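Data first, discussion second: the structure below is written as structure tokens.
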Amino acid sequence: MNIREARSGKVSFIEPIVLYESSQTKVTVIPFYIDRSHGREVKVKIQTEKKGKPPLNWYTVDEKSVTLNPEATIGLYGSLKKFLSLTEYEDNGEYIIIKSSEGKYSFGNHEPEEVAQAILEVLNRPDIAKHLVDKELSTELINAFRNSIRLQELRSAVAKLREYLDSGIKDEKVYQKWCEEHPWAFGNAFVVNDKVRSISATDKVDLILPSVISGYRDLVELKRPDMEVLHYDSSHRNYYFSAEVSKVIGQCHRYLDVFQEEAARGLRDYPEIVAYHPKVTIVIGRSKGWDKDKLRALHGLNSRLSSITVITFDQLLAMGERMIEIVSNGHNIGNENEQ
């Protein structure tokens, strides 16, 4: 291409380049170069011409011609590159194009959440994911992946518990295994559980949970989800604990006494397991479909107990769902259950 100086001496130009031509119409583009103190800029004129009667031949149709300033010229160039990059895709729909150089990214009118989802779908491709192994990732990206993985684990765990309950599984061992794998469901202060279950030579509990705040241990006792929790006394118009719940409360009362005595300075062979005013959470029965009065009654009965709390499996499920909300919102709160 030959760049020539215009007669005015203020700009340079290239001979018109034909974009389209028919027997009666011709569209050309003329690049103009303007020298500035910061460098050379380019603007273009897109010109439409019609074939006239001899001897005029071709003449310019001004109303169908346009001159683009340097900014508009660059914008057109960028848009054309985006348009051409989509020619390899046959499906219609929303596309996000990201420029991968100079650390500058333009997402158009798309929300960051939409962009993140699109990028995640790309990274899920095996041929892309395998190249992440030896790449140096930023701290921000590592934290984002870690939080995403954690959130997915929480959602999967809660979905599994819901599946157990909805399918009517009654085996206590199934729920014990779930609680052992997901102690966080009992509160943000519990992220792991002890492998030890024996608190004395003759007493074995379902779960021992160390608090990340104090290090002291609390207990969890699990019963079946098909057990009754509350009965209603119509003569006195109040709810009361069922025989099954009363029995396990007595059982846990003994556990607390034994645990406090045996682990005041650490369990034998496990000195790190220390009990100091331990508490116990009993998980039993279902509360799905309970009205507000019945839920209020359980709360009231719990408030009269000391160091013992009775919850249902549906409430445990709700606690897990609440934890998902906390992680989704990026919050880091203290143990809600210890307030």
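The values are calculated or read from the model by the stated rules, or taken from the named source; none is laboratory data. All values derive from a computational prediction rather than experimental measurement. Every residue, glycine among them, receives a Cβ derived from its backbone with ideal geometry; neighbour counts consider all protein chains shown.
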Practice prompt. Keeping to the stretch 259-315, report how many residues are of a type in the set (A, V, I, L, M) and at pLDDT below 95.
Written response: 6
Discussion item. I'd like to check something: does the stretch 102-119 contain any residue that is surrounded by fewer than 10 Cβ atoms within 10 Å (Cβ to Cβ), modelled with pLDDT of 75 or more and either of a type outside the set (D, E, K, R) or within 30 Å of CYS179 (Cα to Cα) (or both)?
Written reply: no
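Go through the residues of the stretch 44-52 one by one and say whether even a single one is surrounded by 13 or more Cβ atoms within 10 Å (Cβ to Cβ) and of a type in the set (Ser, Thr, Tyr).
Yes: one or more hits.
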Response to the item:
Per the filter on the stretch 50-83, residues within 51 Å of the chain's Cα centre (by Cα) and in a loop (DSSP other than H, G, I, E, B) are SER65, ASN69
Discussion item. For the stretch 240-279, which positions are touching a strand residue (DSSP E or B) at 6+ places or on another chain (Cβ under 8 Å), of a type outside the set (Phe, Trp, Tyr) and within 27 Å of LEU298 (Cβ to Cβ)?
Written reply: SER242, VAL245, VAL248, ILE249, GLN251, CYS252, HIS253, LEU256, ALA275, PRO278, LYS279
Fill in: Candidate set from the stretch 15-33 (those that are loosely packed, with under 14 Cβ neighbours inside 10 Å and in a strand (DSSP E or B)); member that is farthest from the chain's Cα centre (by Cα)
GLU21
Discussion item. With the requirement that a residue be surrounded by 14 or more Cβ atoms within 10 Å (Cβ to Cβ) and within 22 Å of VAL205 (Cα to Cα), what does the stretch 276-301 give you?
Written reply: PRO278, LYS279, VAL280, THR281, ILE282, VAL283, ILE284, GLY285, ARG286
Worksheet item: Does the stretch 244-264 hold any residues that are over 22 Å from ALA201 (Cβ atoms) and touching a residue at least 12 places away in the same chain (Cβ under 8 Å), and which are they?
Response: GLU244, VAL245, ILE249
Worksheet entry | Meets criteria (surrounded by fewer than 16 Cβ atoms within 10 Å (Cβ to Cβ) and at pLDDT below 95) for VAL205 | no
Fill in: Inter-residue pairs, beta-carbon under 6 Å, first in the same structural domain as LYS50 (by TED's automatic domain parsing) and under 27 Å from LYS53 (Cα atoms) and in the stretch 1-26, second at pLDDT below 85 and among the charged types (D, E, K, R), 6+ apart
none
Practice prompt. Would you tally the residues in the stretch 194-230 being of a type in the set (Lys, Arg) and farther than 26 Å from PHE241 by Cβ?
Written response: 1
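Among the hydrophobic types (A, V, I, L, M, F, W, C), under 21 Å from the mean Cα position of the chain (by Cα), within 26 Å of VAL327 (Cα to Cα) and not assigned by TED's automatic domain parsing to the domain that holds GLU262: does that describe ALA185?
no
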